[in-house]
Structure formats: structure tokens, C-alpha cells
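**Student:** Supplied in C-alpha cells, the structure appears directly below.
All of the numbers you see were taken from the coordinates with simple rules; none came from a lab. Values in this document were obtained by computation on a predicted structure and should not be read as measured data. Glycine also receives a Cβ, built like all others from the backbone with ideal geometry; neighbour counts cover every protein chain displayed.
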Amino acid sequence: MGPAAAVEQLEPLLTIAHIGDFAKIDHHRTIRTGFPEVVYGEGKTPEQIRHIMEVMIRHRKSHSSSSSSSSGGGGGGDGGSSGSVDHAPAVASRICSAKWSHLQHIDGLQYYRDARLAVYHGSAPPAAGSLGTVAVMCAGTSDVAIAEETAVLLELCGAAVERVYDVGVAGIHRLFAALPRVRAAHCAVCIAGMDGAMPSVVAGLVRCPVVAVPTSVGYGAAFGGVAPLLTMLNACAPGVAVVNIDNGFGAAAMAVKILRMRHAAPPEEEP
């Protein structure tokens, strides 16, 4: 193994921050994948979340100041690039109001209540819309929390978001009226509970890829989102990618990777 290959393999090991005996922060994830590590707030105590976010923010601040001093400052990032860790936001998801009360004193941290996201914005956020446009659609108002989680994460990555809410198939004329806005997007994220039929309908009407998100909204036989999940997996219309139940984060990550392919250079041929 040559020196360059050794450095490539060892570098990720040097960017892990150990926090007590309960967390290991992956500072290198943005560079590797183009999408920052997001702290999943459910199942963690407010104190654990606070410690993790403080370490992530401190890391970004230190790297931001060092990169600014070496480069003479920075500007808005390009949505087509993966960015560096100091430019990436620090994000905690599924933060309820009770947990936010323990986090709100962290300097620079912003709360998106509907999305249940706590966000520290990076030093050079990507220009709005630089990544492309995503239509974030939800079937009913009960799905808005998942839709907002998706939408805000997309905006943090530089996507322009067209919010198309309460357009489920129970009143399908609402969906038809919104089609021009959806067709103008580079990708659509369709979020639905109950029978979960909306993503298949949308995929049969638009050219862009569709990311489907089943939600846990529904009565007994919906089985907490299993029924719409199975509907989406069995979509008759082609071009539908399905993420897990209530996984707005996963939908945003998938859409970001799809949009970044528009900006990516062709892969280099191996010698």
C-alpha cells in the first residue's frame, strides 16, 4: 500500500470525536458522502443531544475560522459540490418542544418547529436553488411534519423547494391542479399515509424521479405505515424509490444525491 492509499484509509479514523461513552461523531461524513451527519433526537436524552451538538458546532467553528484565515474568507457554496465539513450545517432531527427547551441556549442554534429540526447553519451555505428544484408533496395535512423535515433538509443543501401540500387522491383534482408546479421540478418527494396511493399516481404523470415516503398516519389496518409502504413498493408506475416509514431525512438525502448527479463530472476511467 502506498502512502496516498494509507492516508485515504486512515483519514476518516482521525475525524471521529468521542463524546463520553455514548457517542462518536463522524466529522468526515460530509466529505465522503456529500450529506452531513444528522443527529437523530429520538431515544437520546436532552443532555446527550446538547453535548453532541456542542461538539459538532465547535468543530465547525474552528474549521471555519482556520479556512477563512487561510483563504481570505468565503462565499456561498455551490449546490453541485459536496462541500467541506465547516460549510455543512449541524443538524439534530426529531427534536420536540420539550427537548428544544434544553437546547435553545446554544449560540447560533435555530429551531424549525414544524420540521422538528434544530439547525446550526454552516459558515458558507449553498446558494438557494443552486442544487435544483424539488417538489415536496404530501397527501394530507397530517403528513406535514414529515414533509417539512424533508423540505428544510433539502433547503439546507441548496435545493429550491416547491411545497405542494394536502393533495391526496381522495380529492384528486387538487393534485391535477398542482401538476404544472411538480413538472417544473427536477425531483418529486411524495409523502402519504392511509392507502399511500399518491406517489404512484404522481409517477404516472411526471418525468422526474419520485421518492416516496410512507407515513404512520392512518387507522388500524394501516399498521403504523406498513400498508402505505407496501402500496408504494408495489407501485405500478415506474421510477419510484421508496424510503422507510416517516423517514423524511432519508427522502431528502435520496433527492440530494439525485440532484447532485446533474452537476457531477463523469467518473474517471480506471487505468
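**Student:** Counting Lys and Arg as +1 and Asp and Glu as -1, what is the net charge of the other residues whose Cβ lies under 12 Å from the Cβ of Arg183?
**Tutor:** Charge balance near Arg183 sits at +1.
**Student:** Pull up the cross-link candidates among the lysines for Lys44, meaning alpha carbon to alpha carbon under 25 Å and not fewer than 8 places away within one chain.
**Tutor:** Lys24, Lys61, Lys99
**Student:** How many nm is it between the label spots at Val226 and Ser142, if each spot is 7 Å from the Cα in line with the beta carbon?
**Tutor:** Reported label-point gap for Val226 and Ser142 is 1.8 nm.
**Student:** Need the full-extension length gain, Phe22 to Arg174, defined as separation in residues times 0.36 nm minus the C-alpha distance. One decimal, nm.
**Tutor:** Stretched out fully, the Phe22 to Arg174 stretch lengthens by 50.0 nm.
**Student:** What ³J(HN,Hα) values, in whole Hz, does the Karplus curve 6.51 cos²θ - 1.76 cosθ + 1.60 give for the range 39-44 when θ = phi - 60°, with x put for Gly and Pro?
**Tutor:** Result, rounded to whole Hz: 7, 7, x, 5, x, 10.
**Student:** OK, next. What residues qualify as long-range amide H neighbours of Glu162, i.e. H under 5 Å apart, gap of 5 or more or another chain, H built at 1.01 Å from N?
**Tutor:** Val134, Ala135, Val136
**Student:** Would you mind listing how long the range 132-260 runs along its three principal axes, going by Cα atoms, in whole Å with the largest first?
**Tutor:** 38, 27, 25
**Student:** What does the highest-first list of 211-219, 170-178, 117-125, 235-243 look like by mean Cβ count within 10 Å?
**Tutor:** Per-residue Cβ counts within 10 Å, averaged per peptide and sorted highest first, yield 211-219, 117-125, 235-243, 170-178.
**Student:** Size of the dipole of the range 172-271 about the Cα centre, Lys and Arg at +1 and Asp and Glu at -1 on the beta carbon, nothing else charged, in debye to 20?
**Tutor:** Here the size comes out at about 460 debye.
**Student:** Amide H to amide H under 5 Å from Val217: which residues, 5+ apart in sequence or cross-chain, H placed 1.01 Å off N in plane?
**Tutor:** Met194
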